[in-house]
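Colleague: First, the structure itself, so that you have it in front of you.
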Amino acid sequence: MKKITVVGGGNVGATAAQRIAEKQLAEEVVLVDVVEGMPQGKALDMWESGPVESFDTKVIGTNDYEATAGSDVVVITAGLPRKPGMSRDDLLAKNFEIVETVTKNVAAKSPDSILVIVSNPLDVMAYAAYKASGFPKERVVGMAGILDTARFRNFIAQELDVSMKDVQALVLGGHGDSMVPLVRYSTVAGIPIADLIPQDRVDAIVERARKGGGEIVALLKTGSAYYAPSAAAVEMVDAIAKNRKRVLPCAAYLEGEYGVNGVYVGVPVKLGAKGIEQIIELKLNDEELAALKKSADGVAENIGKLKI
Ligand code: TXD
């Protein structure tokens, strides 16, 4: 792959750029931010780690989109975190403005790229980027499920004192408290977790995963999680760059799948060089389907607050 752009040089964006360079997923990584000098400084610093980390990926920082031209993949992490006195609606409107502008700039310079959206509120921002880019739905995908699942998998591995590698899990729905962890699809080396962990502990783990983002915010106080989020975004970039056809939970535009229409929400997808190559429809039970529907309704309600 030739070029990967990361827009937003903050915590998630810079860490994602670093991971992309260290994994050599492209010949060049471009980091874009509105803050003057910051992306240039971070990029140069990162690039200077190349001899030690043994990567040849060029890392460039910039405040404009010229250097992003012809990107194969663009990760969008630009946005504001919530500040005291700001309502969630303020954040929604503000980040919408940012993501819409960024997406238009990116799409003009890299019309064939695949967009990986990270900015919050995730599912709504993925929808905003889909609309602003004019790209086909396969080429606009949101990151949330991998992160939520990673947290869930980590807690299961901790609970059982087994390797994280052997723990598989699935979380559907919007990114937030309404996410839908699918316990019956969660396994340790193929063994359903219900056979290994008592129900009350499973419930506690589900609850902790649901509130995983808040747990980090409460500890950090001045920002939100970025190590696991950047790792999750880069797993998606890797699947696209290497055409791995990974089956991963991602936010995708649904048109009737799971009975949901016209919104982005987290579902299992096949991710490869063309972006979303398939949406995988599971046979959910009534309770799971209702939870997913409720989660999708919440996303639709927020989309309704914006002029898209
Ligand atoms: O699971 C998920 N999807 C998420 C989402 C997990 C973690 C973080 N999540 C969201 O990603 C978070 O709520 C934010 O909306 C974004 C970025 O989080 P991050 O922690 O990286 O925020 P920072 O450190 O504040 O960085 C945001 C950067 C900052 O450097 C701004 O200057 C920049 O975005 N920014 C812009 N860059 C380019 N263009 C424009 N217009 C712009 N506006 C702000």
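Colleague: Could the peptides 180-193, 106-119 be put in order, highest first, of the mean number of other beta-carbon atoms found within 10 Å of their residues?
Modeller: In descending order of packing, they fall as 106-119, 180-193.
Colleague: Quick one: pull the percentage of alpha-carbon pairs in the range 145-306 with a separation above 29 Å.
Modeller: 17 percent
Colleague: Would you list, by chain and number, the aspartates and glutamates whose Cα falls below 19 Å from the Cα of LYS58, excluding same-chain residues fewer than 8 positions away?
Modeller: Partners within reach: GLU22, GLU27, GLU28, ASP33, ASP45, GLU48, GLU66, ASP72, ASP238.
Colleague: Quickly estimate the mean residue ellipticity at 222 nm for the chain, helices only: each DSSP H run with n ≥ 4 gives -39500 (n - 2.57), and the total goes over all residues, rounded to 500.
Modeller: After summing the helix terms and dividing by the residues of the chain, the value is -13500 deg cm²/dmol.
Colleague: Additional query: In what sequence, highest mean first, do 149-157, 47-55 appear when ranked by Cβ atoms within 10 angstrom?
Modeller: Taking the mean over residues of other Cβ atoms within 10 Å, the ranking is 149-157, 47-55.
Colleague: Still on this structure, please answer the following. Given contacts defined as C-alpha pairs under 8 Å and at least six residues apart, what's the relative contact order of the range 145-306, whole-number percent?
Modeller: 23 percent
Colleague: In sequence order, what are the phi-derived ³J(HN,Hα) couplings for the range 291-298 according to the Karplus relation 6.51 cos²θ - 1.76 cosθ + 1.60 with θ = phi - 60°, rounded to whole Hz, with x for glycine and proline?
Modeller: 5, 5, 4, 5, 4, 5, 4, x
Colleague: Something else: How large is Rg over Rh for the range 3-142, taking Rg from the Cα atoms and Rh as the Kirkwood inverse mean of 1/r across Cα pairs?
Modeller: 0.98
Colleague: In straight Cα distance, which lysines are under 25 Å from LYS293, not counting same-chain residues fewer than 8 positions off?
Modeller: The reachable lysines, counting only those whose Cα sits under 25 Å from LYS293, are LYS131, LYS137, LYS211, LYS270, LYS283, LYS305, LYS307.
Colleague: Can you give me the pair-distance distribution of the chain, C-alpha pairs, 10 Å bins, whole percents?
Modeller: 6, 28, 36, 23, 7, 0
Colleague: In whole percent, what relative contact order does the chain give with Cα contacts below 8 Å and a gap of six or more residues?
Modeller: Across the chain, relative contact order equals 16 percent.
Colleague: Which order do peptides 59-70, 297-308 fall in by mean Cβ count within 10 Å, highest first?
Modeller: 59-70, 297-308
Colleague: Place a +1 charge on the Cβ of each Lys and Arg in the range 98-193 and a -1 charge on the Cβ of each Asp and Glu, then give the dipole magnitude about the Cα centre in debye, rounded to the nearest 20.
Modeller: Magnitude of the dipole: close to 300 debye.
Colleague: Give me MET143, MET38, MET46 ranked fewest to most by other Cβ atoms within 10 Å of their Cβ, as a rough exposure proxy.
Modeller: Neighbour counts put them in this order, fewest first: MET38, MET46, MET143.
The numbers here are math on the coordinates, done by the rules we state, and not lab data. If you're wondering where the values come from, they're calculated on a predicted model, not measured in any experiment. Because the Cβ atoms are built from the backbone with ideal geometry, glycine has one as well, and the counts that use them run over all protein chains shown.
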